[in-house]
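Engineer: Supplied in structure tokens, the structure appears directly below.
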Amino acid sequence: MTTTLNGPADQRSPTQHSTTQKPTTVASQLYSSLQSRRPKSRLRQVPLTVWIAAVFALVLLIASLAPSLLATHDPRAIRLEAPLASPNWEHWFGTDQSGRDLYSRMVHGAGQSLLIGLGATGIGVGLAVIFGAWAGLGGRWADAFIGRGLDVFFAFPTLLLAMVFITVYGPSAPTLILAVGLGTAPGYTRMVRGQILAVRHSGYVQAAEALGHSPWRILNRHILPNALRPLLAILTLGIGQSIVWASGLAFLGFGVAPPSPEWGALLEAGRPYITEAWWLEILPGLAVLATALTATILGKHLESALEGSQT
Amino acid sequence: MTVPPLSATTEPYQATTADPTPVSPRQRTDPRLVVSLILRKLGGAAFVVWAAASLTFLMQALLPGDRATMLLNQQTGQVQERSAEELAPINEMFGFTDPLLVQYLSFLGGLLRGDLGVSYQLLQPVTTVIGDQIAPTVILTFSSLVVAWVIALVLLVLTARRVGWVSRLFSGLEAAAAALPQYWLGIILLVVFALGLGLFPVVGGEGPLGLVLPALTLGLPLAGFLGQTMRAEFERTLDEPFVLTARARGMSDTGVRIRHVLRHALLPGLTLTGWAIGSLFSGAVIAENVFSRPGLGGVLVDAVNGRDLPVVCGVVMLVALIYVIANLVVDTAYVLVDPRLKLTH
């Protein structure tokens with residue numbers, strides 16, 4: 001197979017090149033040296049998008065921990081006189097088929113959606129650390145074995161892998177979390193393996209080896225901290241991705257059952273009314289998208305910040 | 001489109017940058033090397049297919065609970081214990097009571113004959129179930145691939161490394177497109193263009209007109225990914241000395257972009273394509289679902305709901321096979337696009 005795992009270069013996402021690539025021309029060298037001489041105050045360097053993302057993340061956090069602070073209605077209060085009302089002053093995001101306030105339902109569903117994303121990312125990244133570390137540190141055979149295994153798993157798209165799992169265990173929230181976690185694990189494994197290999201062959205590890213430090217000490221003091229530090233960024237990025245996957249599966253009807261205000265469940269519940277009530281699909285989808293973008297922006301920012309602190 | 005965020009940069013890309021061989025690219029390669037390379041690639045592909053098939057077999061064999069009971073309950077819509085007499089014909093038909101090794105060998109033998117087993121729900125051969133529905137899905141997948149490449153290439157050549165705000169705007173748009181969940185994009189297109197403007201059929205839609213929105217649903221996010229990946233390489237290549245040389249020879253800007261720079265940017269795009277074909281097939285499930293199109297999507301959703309593992313596994317194996325073939329094709333395409341790879345491999 002070709003599209004696979006060699007060396008540290010290939011776990012970088014296409015968009016981060018500006019922070020990771022060596023400058024090739026005089027102009028870009030000048031540019032990067034100018035960048036590194038930016039003002040000392042770190043807060044001023046934070047771009048506006050990151051601020052917006054941080055504020056949205058805060059709103060999400062409040063919605064998950066104390067939804068009643070943000071909600072305007074009882075998410076379960078049925079108002080049969082106003083079913084499928086379009087967004088208005090009374091109901092900001094409109095109402096569903098039983099007249100329940102969509103905005104309040106979305107606020108109340110945020111926690112569960114985030115929990116699903118968090119759980120799935122935790123499982124995916126957890127498996128990735130185990131197998132990636134095994135591949136990166138276990139020697140040639142372990143690496144070949146895991147590398148081959150990854151080749152095989154990459155032949156299964158995430159969504160299909162998750163669907164196989166749901167077929168076996170039936171749709172439910174825990175199955176969804178496990179399914180998304182398992183589906184995304186191969187990608188993370190490749191990243192962790194690449195990180196560990198990059199660190200293992202770096203100058204400071206060679207120096208430590210030359211100084212005669214024990215392998216255990218080198219592993220604990222140098223390889224693991226440096227290889228796993230980017231994990232924080234991966235985790236943040238991953239939560240957004242997991243929520244998108246989970247909501248996609250929920251949209252197909254494999255998620256949490258509809259009375260729940262979880263975003264995927266809202267998406268599934270709104271499907272029959274798509275021709276008359278677009279807000280029931282578009283707005284929960286927008287919440288998923290905004291969460292994913294927030295996670296991506298924060299993750300990327302974290303990544304470059306961590307890279308900066310390493311050098 | 002939601003794709004693991006990290007799949008893009010490439011192995012051949014490394015070959016492009018670090019290329020110390022002073023040999024002329026036109027030099028003939030040893031045919032024995034080519035043959036052994038092809039054999040190794042084919043061997044690797046065969047391994048992946050075999051392992052994927054074995055994994056799906058294991059999943060079916062390790063399904064919790066008695067399969068015959070589950071199957072009968074599924075068909076009759078009841079949940080109850082079944083007597084041995086009731087289960088016997090089913091066990092007979094599917095060979096559930098045979099030793100695992102025998103089941104595995106007959107499964108592999110069946111695969112070689114193109115037999116994917118029998119659906120638990122429909123009691124038809126899985127190949128028939130899939131074969132009946134595969135055509136619309138394949139059409140959708142390939143049209144969205146074409147849509148994605150056309151959009152990505154046009155935007156790339158026109159907007160990469162232009163006046164600050166132009167390239168910033170378009171690389172921002174690419175990032176946004178790549179982040180769009182497919183179902184959501186599909187719904188927006190459906191609401192705006194089919195329900196609102198009435199330009200396209202809302203449901204089903206056989207002919208080419210019904211294909212437009214689903215193909216855009218799958219193609220736009222992929223175009224975002226392709227654009228992001230290729231833009232990085234494209235802009236790097238614009239700094240290369242040979243680009244300056246070409247300009248010095250008096251070549252037009254568009255000419256330089258298309259003849260010299262694009263060739264380099266194609267490589268990461270090709271890698272991504274090989275990888276994306278599998279994920280396009282699974283994305284097609286969602287697009288078909290949004291637009292109520294016929295195809296594998298409906299089959300798959302029904303099979304997952306009915307816990308019809310042979311059908312689900314059949315689709316998964318098919319997608320794995322397509323993925324493997326697509327990557328073999330991509331490998332070949334590399335050598336066409338970048339003759340240096342003949343030597344570096």
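The values are calculated or read from the model by the stated rules, or taken from the named source; none is laboratory data. Only a predicted model underlies this, so the values are computations on that prediction, with no experimental measurement involved. In this analysis, Cβ positions are derived from the backbone assuming ideal geometry, glycine residues included, and neighbour counts consider all displayed protein chains. Heads up: the accessible areas ignore ligands, DNA and RNA and are worked out on the full protein's heavy atoms, side chains in. Shrake-Rupley method; radii C 1.70, N 1.55, O 1.52, S 1.80 Å.
Engineer: Considering only helices (runs of 4 or more DSSP H) fully contained in the stretch A:221-311, which possess at least 3 residues that are without any contact (Cβ under 8 Å) to a residue 24 or more places away in the chain?
Structural biologist: Per the criteria, A:279-310.
Engineer: Looking at the stretch B:19-133, what helices (runs of 4 or more DSSP H) fall wholly within it and have at least 2 residues that are at pLDDT below 75 and farther than 24 Å from residue B:322 by Cβ?
Structural biologist: B:31-61, B:67-76, B:84-94
Engineer: Select from the stretch B:166-219 the residues that are under 27 Å from residue A:237 (Cβ atoms) and over 26 Å from the mean Cα position of the chain (by Cα) and list them in ascending order.
Structural biologist: B:167, B:168, B:169
Engineer: Please work out which one of (1) open to solvent by less than 40 Å² (accessible area, probe 1.4 Å); (2) within 23 Å of residue A:292 (Cα to Cα); (3) more than 12 Å from chain A (Cβ to nearest Cβ) is the condition residue B:220 fails and give its number.
Structural biologist: Only one criterion in (1) open to solvent by less than 40 Å² (accessible area, probe 1.4 Å); (2) within 23 Å of residue A:292 (Cα to Cα); (3) more than 12 Å from chain A (Cβ to nearest Cβ) is unmet by residue B:220, namely (1).
A quick yes/no check of all residues on (1) part of a helix (DSSP H, G or I); (2) open to solvent by 10 Å² or more (accessible area, probe 1.4 Å); (3) modelled with pLDDT of 85 or more:
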{"site": "B:243", "(1), (2), (3)": "yes, no, no"}
{"site": "B:250", "(1), (2), (3)": "no, yes, no"}
{"site": "B:267", "(1), (2), (3)": "yes, no, no"}
{"site": "B:280", "(1), (2), (3)": "yes, no, yes"}
{"site": "B:284", "(1), (2), (3)": "yes, no, yes"}
{"site": "B:288", "(1), (2), (3)": "yes, no, yes"}
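Engineer: A follow-up question, please. Looking at the stretch B:145-187, which of its residues are open to solvent by less than 50 Å² (accessible area, probe 1.4 Å), of a type in the set (A, V, I, L, M, F, W, C) and outside any helix (DSSP H, G or I)?
Structural biologist: Within the stretch B:145-187, B:160, B:180 qualify.
Engineer: Can you tell me which residues in the stretch B:300-321 are open to solvent by 10 Å² or more (accessible area, probe 1.4 Å), in contact with a Ser or Thr (Cβ under 9 Å, 6 or more places away or on another chain) and more than 8 Å from chain A (Cβ to nearest Cβ)?
Structural biologist: B:317
Engineer: Exactly one condition in (1) modelled with pLDDT under 85; (2) within 12 Å of chain B (Cβ to nearest Cβ); (3) open to solvent by 10 Å² or more (accessible area, probe 1.4 Å) is not met by residue A:245; state its number.
Structural biologist: With respect to (1) modelled with pLDDT under 85; (2) within 12 Å of chain B (Cβ to nearest Cβ); (3) open to solvent by 10 Å² or more (accessible area, probe 1.4 Å), residue A:245 is out only on (1).
Engineer: A follow-up question, please. Just one of (1) surrounded by 23 or more Cβ atoms within 10 Å (Cβ to Cβ); (2) modelled with pLDDT of 85 or more; (3) over 28 Å from the mean Cα position of the chain (by Cα) trips up residue A:132, so point out which.
Structural biologist: In the conditions (1) surrounded by 23 or more Cβ atoms within 10 Å (Cβ to Cβ); (2) modelled with pLDDT of 85 or more; (3) over 28 Å from the mean Cα position of the chain (by Cα), residue A:132 misses (3) alone.
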